[in-house]
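These notes are about the structure you will find just below.
Read-outs: derived from the displayed coordinates by stated rules, not from any lab. The model shown is predicted, which means the values in this text are computed figures rather than measured ones. Neighbour counts are summed over all protein chains in view; Cβ atoms, including those assigned to glycine, are modelled from backbone coordinates with ideal geometry.
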Amino acid sequence: MGLYSRQIAEIANDDAIKYLAGKKIMLTGASGMVGKAFIDVIMEYNKHCSVAIEVLAVCRDADRANERFTQYIDSPYLHIIAMDINEGITYDEHVDIIIHAASNTHPIQYSTDPVGTIATNVIGTKNLLDYAIACNVPRFCFISSVEIYGENTLGTGAFAENDLGYIDCNTVRAGYPESKRIGETLCNAYAAKYGIEFNIVRLSRCYGPTMLTSDSKAIAQFIKKAVNGEDIVLKSEGNQLYSYTYVTDAVSAIMTVMSSGIPGRAYNVADKLSDITLKELAGLLADIGASKVVYELPDETEKKGYSAATIATLDASELEKLGWCAKIHMSEGLLDVVDTLRG
């Protein structure tokens, strides 16, 4: 059993998942990297439980979802729903929890689909919140991002939940972090007006074997190169310092927040032992792939999608107070992803 499978099994036996027992969950962005891992955990739990968890896997591309979840197609506990949440919520039955993880999440999407990026985080979120009110959904979890903090100009180290850095809103790239900020504000507005109970989970940069081949984030591109034994292409000096989280740790964090988090609170998710510069990250993967790091200028489309933040690390101490801790650190996680994707 590989590292990923072991972690899925461990989370499926953790106390936090018991909160979800017997509940029906609507998960948007189900076929994405985090969504896929979340469903893997639920389906593993359902193998051994006495009270199952039911998942409505919401995604825009039914064919991709069917391919991602082939092994669960015959399960009575997984229902794939093809739906564009920006067009409205066509499902009209009650669910117990909405976990909103749908979003454009990588640079090429930010630069080539800036309107769609904003729409999913704002219009899609509003549509889901309206559905939650209409169908009496008691819990809402918004999956947010380290990106909402922007550039760390505070000089205080890692961002805590009440900190805020700088974002230049007069750029196409700002569409992602600014719309994530608005999505968080919408949750607060609906709680104030309608009393909906919500939490916000702010993920650091995630990686894992469930990442999509279309992912254009730097770490995803580096991993693909390492898998193929090719040189790692670094399109900057590589001095950017970021927090990273292995995908199963991100899933366990979401479950911990849902089971134990204080309503209305936002929680950072990061592994402080996986804070690393892009140059160091590229070097680790070059070693794994038996290749070298080369430098190349980005093209105009790539540059438009890149984050301007040079320091964006997260302090996850509030989440750790709930009993969560990262289990997989960078070196082990990267080696696992490369080995898994090599087959």
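A few remarks follow.
- Lys, Arg +1 and Asp, Glu -1 on Cβ, resulting dipole of the chain about Cα centre, debye, nearest 20: 220 debye
- Rounded to the nearest angstrom and listed largest first, the equivalent-ellipsoid semi-axes of the range 61-155 from its Cα gyration tensor are 26, 19, 14.
- Within the chain, the percentage of alpha carbon pairs spaced more than 28 angstrom apart rounds to 39%.
- Filter on Lys225/Lys327; Lys279/Lys327; Lys180/Lys279; Lys47/Lys225; Lys18/Lys321; Lys23/Lys193 - keep pairs with C-alpha separation over 29 Å: Lys47/Lys225
- Between 0 and 90°, nearest 10: helix 330-342 axis offset from the chain longest Cα axis: 80 degrees
- Modelled label positions at Thr90 and Thr340, each set 7 Å beyond Cα in the direction of Cβ, lie 3.1 nm from each other.
- The calculated FRET efficiency for the pair Lys292 and Ala62, based on their C-beta separation and a Förster distance of 41 Å, comes to about 0.50.
- Cα-Cα P(r), the range 199-343, percent of pairs per 10 Å interval: 12, 40, 33, 14, 2
- Full-stretch length increase - His329, Asp74 - with 0.36 nm per residue and alpha-carbon distance subtracted: 88.3 nm
- Acute angle (nearest 10 degrees) that the helix 175-194 long axis makes with the longest principal axis of the chain, alpha-carbon atoms: 20 degrees
- Note on the range 15-117: Kirkwood radius taken over Cα pairs, Stokes-Einstein applied at 10 °C and 1.306 mPa s, translational D equal to 110 µm² s⁻¹.
- Per-pair calculated FRET efficiency, R0 = 25 Å: Lys272 and Asp15 via Cβ, rounded to 0.05: 0.60
- Stretching Thr213 away from Ile108 to a fully extended chain increases their span by 36.5 nm, per 0.36 nm per residue minus the current alpha-carbon distance.
- Amide H to amide H distances under 5 Å link Leu241 with Ile311, Ala312, where only residues 5 or more positions off or on other chains count and H is placed in the peptide plane.
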